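Take a look at the structure set out below.
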Amino acid sequence: MDFLFGLKLDYLSQMNEIDLKAYVRDVPYFPKQGIIFKDLSPLLASAKARKAAVERLAKNYQHVNVDVVVGIEARGFLFGTLLAEALGASFVMCRKQGKLPGDLRAVTYDLEYGTDTVEMQIDAFSSGSSVLLHDDVLATGGTAAAAIELIESMGGNLIGVNFILELDFLKGRTKLAGRNLYSLINY
Ligand code: AMP
């Protein structure tokens with residue numbers, strides 16, 4: 001009887017499973033020609049979908065110790081803090097150059113044209129902390145790879161990297177090879 005009841009609950013929860021892709025809006029030619037911007041505003045706007053997204057992210061780490069969630073500026077702060085809350089972890093900002101005060105550590109990485117720099121405060125977490133990295137979108141992987149370099153240079157023990165959305169065709173995964181990588185939505 002219990003077994004059947006369990007199956008029924010599983011079936012019902014599958015029926016209720018939210019299709020998170022339905023909460024992502026494609027905005028062509030933003031911010032420039034040739035880019036289809038993945039706008040997560042509808043996902044943030046829906047309390048139900050937002051909750052489901054955080055639960056699905058957090059579920060992956062229910063059996064591991066996470067001391068710190070690092071979110072990458074700026075949209076990585078949104079679900080990053082919610083994920084940290086769900087995991088009972090600390091939250092740390094990884095920001096673009098010039099935005100954070102205090103003593104900082106920085107990593108500069110190559111873009112298609114030019115370079116960019118990410119920074120974190122040197123006292124953001126203690127060496128040996130278990131760190132989870134989060135960002136909204138995995139595109140080429142350059143930003144996440146730089147953030148990982150930064151985290152590890154500060155003595156962080158990177159236990160995983162996750163994204164709301166991954167653009168498979170840009171092969172960002174290859175830059176993060178060997179990392180425990182998870183994306184909620186793949187395109
Ligand atoms: P990348 O370093 O190429 O993996 O770029 C990742 C960063 O760029 C993320 O922080 C995203 O916020 C942003 N990004 C890149 N491509 C897109 C896109 N098509 N839609 C939305 N955000 C994007």
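Numbers below:
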| quantity | calculated |
| --- | --- |
| The chain: angle of helix 2-15 to the longest principal axis, Cα-based, in degrees nearest 10 | 60 degrees |
| Surface/4 estimate of mean projected area, convex hull on alpha-carbon atoms of region 54-94, nm² | 2.5 nm² |
| Positive-end residue, the chain charge dipole about Cα centroid, Cβ charges, pick of I164, Y187, G71 | Y187 |
| From phi via Karplus (6.51, -1.76, 1.60), per-residue ³J(HN,Hα) for region 62-79 in Hz, x at Gly/Pro | 5, 9, 10, 7, 10, 7, 9, 9, 9, x, 8, 4, 9, 6, x, 6, 5, 7 |
| Cα-based radius of gyration of region 116-168 once divided by 2.2 N^0.38 Å, which approximates compact folds | 1.14 |
| Cleavage-rule hits (GluC sites (Glu not before Pro)) in region 63-135: DSSP loop, at most 16 neighbouring Cβ within 10 angstrom | E112 |
| Antiparallel content of DSSP bridges confined to the chain, in %, to 5 | 35 percent |
| Computed accessible area, K59, all protein chains, 1.4 angstrom probe, square angstrom | 130 Å² |
| Reciprocal of mean inverse Cα separation for region 9-101 (Kirkwood radius, Å) | 15.2 Å |
| Members of K38/K96; K38/K99; K59/K99; K38/K59; K21/K99; K48/K99 lying beyond 26 Å, as alpha-carbon distances in this model show | K59/K99; K21/K99; K48/K99 |
| Helix-only mean residue ellipticity at 222 nm for the chain, each DSSP H run of n ≥ 4 adding -39500 (n - 2.57), per residue, nearest 500 | -9500 deg cm²/dmol |
| Scattering curve values for the chain, log₁₀ I(q)/I(0), Debye with Cα scatterers, q = 0.10, 0.11, 0.17, 0.18 Å⁻¹ | -0.43, -0.52, -1.14, -1.26 |
| Cα-centre dipole for the chain with unit charges at Cβ (Lys and Arg positive, Asp and Glu negative), debye to 20 | 360 debye |
| Segment N180-N157, length gained on full extension (0.36 nm per residue, minus Cα span) | 7.1 nm |
| Residue-normalised accessible area of the chain, given per residue in Å² at a 1.4 Å probe | 57 Å² |
| Approximate shape of region 60-137 as ellipsoid semi-axes (Cα gyration tensor, √5λ), whole Å, largest first | 23, 15, 11 |
| The chain, relative contact order [Cα under 8 Å, separation at least 6], % | 16 percent |
| Counting DSSP beta bridges with both ends in region 99-187, the antiparallel % (nearest 5) | 35 percent |
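The values are calculated or read from the model by the stated rules, or taken from the named source; none is laboratory data. Quick caveat: nothing in here was measured; it's all calculated off a predicted structure. In this analysis, Cβ positions are derived from the backbone assuming ideal geometry, glycine residues included, and neighbour counts consider all displayed protein chains. The accessibility values were calculated without ligands, DNA or RNA, using every heavy atom of the protein model including side chains. Shrake-Rupley method; radii C 1.70, N 1.55, O 1.52, S 1.80 Å.
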